[in-house]
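Trainee: Next up is a structure, given as structure tokens.
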Amino acid sequence: MKLPTVSTVLMLLAMLALFSPSQLHGAPESGIEGVITISPAQPGPVRENAPDSKPLANTTFAAENEKGEVTSFTTDEQGHFRAPLPPGHYKVSLKGRKSGIGRYGPFEVDVALGKMTNVQWECDSGIR
């Protein structure tokens, strides 16, 4: 029986390193998913039969922990998003926002191992 060469073993180890532990063991993904809305949807008084809020579409948010930004994600047309994250505590807010009208976080969330945490956040457009 011929033993594998050192280069073959190193190549196999390098290939295994490309996969995360969850991919190798089929563990469920952890992170956050949900919908982000914005309210009020239009300036002025609330109108009868008009929605008070609307989905915050195509907007990029950043998830940060105590070390800084971990990932970013963009909402779809309906304000939905899904962001894989390792377990931990995060603050999520509009990416790149310096100042201005409205409130777009920070929203705080805890992510558990092997669980997608479902959230529903509402931003304040700042219009009245």
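Trainee: Using beta carbons and a limit of 9 Å, which pairs, at least six apart or on different chains, have the first residue in the range 100-128 and closer than 13 Å to Ala63 by Cα and the second one modelled with pLDDT of 95 or more and in a loop (DSSP other than H, G, I, E, B)?
Mentor: Sorted first by the residue in the range 100-128, then by its partner, the pairs are Tyr104/Leu56; Tyr104/Thr59; Val109/Leu85; Asp110/Pro87; Val111/Ser30; Val111/Leu85; Val111/Pro86; Val111/Pro87.
Trainee: I need the full set of residues from the range 72-127 which are of a type in the set (Asp, Glu) and within 22 Å of Gln42 (Cβ to Cβ), in order please.
Mentor: Going through the range 72-127, the residues of a type in the set (Asp, Glu) turn out to be 76-77, 108, 110, 122, 124.
The answer is Asp76, Glu77, Glu122, Asp124.
Table: residues versus (1) assigned to a loop (DSSP other than H, G, I, E, B); (2) at pLDDT 95 or above; (3) among the aliphatic types (A, V, I, L, M).
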position	(1), (2), (3)
Asp76	yes, yes, no
Phe81	no, yes, no
Tyr90	no, yes, no
Arg97	yes, no, no
Gly100	yes, no, no
Val119	no, yes, yes
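Trainee: While we're here: Phe61 - would you say it is within 11 Å of Cys123 (Cβ to Cβ), aromatic (Phe, Trp, Tyr) and modelled with pLDDT of 95 or more?
Mentor: Yes, satisfied.
Trainee: Can you tell me which of (1) modelled with pLDDT of 95 or more; (2) on the phi > 0 side of the Ramachandran plot; (3) of a type outside the set (S, T, N, Q) is the one Leu56 doesn't meet?
Mentor: Just one mismatch for Leu56, condition (2).
Trainee: Restricting to the range 88-114, name every residue that is surrounded by 13 or more Cβ atoms within 10 Å (Cβ to Cβ) and under 18 Å from Ser30 (Cα atoms).
Mentor: Gly88, Tyr90, Lys91, Val92, Phe107, Val109, Val111
Trainee: Next question. Report yes if some residue within the range 56-70 is surrounded by 14 or more Cβ atoms within 10 Å (Cβ to Cβ) and either acidic (Asp, Glu) or without any contact (Cβ under 8 Å) to a residue 12 or more places away in the chain (or both); otherwise report no.
Mentor: Scanning the range 56-70, I find at least one residue that is surrounded by 14 or more Cβ atoms within 10 Å (Cβ to Cβ) and either acidic (Asp, Glu) or without any contact (Cβ under 8 Å) to a residue 12 or more places away in the chain (or both), so the answer is yes.
Trainee: Contact list please: Cβ distance under 6 Å, first residue in the range 26-54 and farther than 29 Å from Ala83 by Cβ, second residue surrounded by 13 or more Cβ atoms within 10 Å (Cβ to Cβ) and not polar (S, T, N, Q), pairs at least six apart or on different chains.
Mentor: Once the first residue is farther than 29 Å from Ala83 by Cβ and sits in the range 26-54, its partners that are surrounded by 13 or more Cβ atoms within 10 Å (Cβ to Cβ) and not polar (S, T, N, Q) give Pro43/Ile127.
The values are calculated or read from the model by the stated rules, or taken from the named source; none is laboratory data. Being a predicted model, the structure only gives us computed values, none of them experimental. Neighbour counts run over all protein chains shown; Cβ positions are idealised from the backbone, glycine included.
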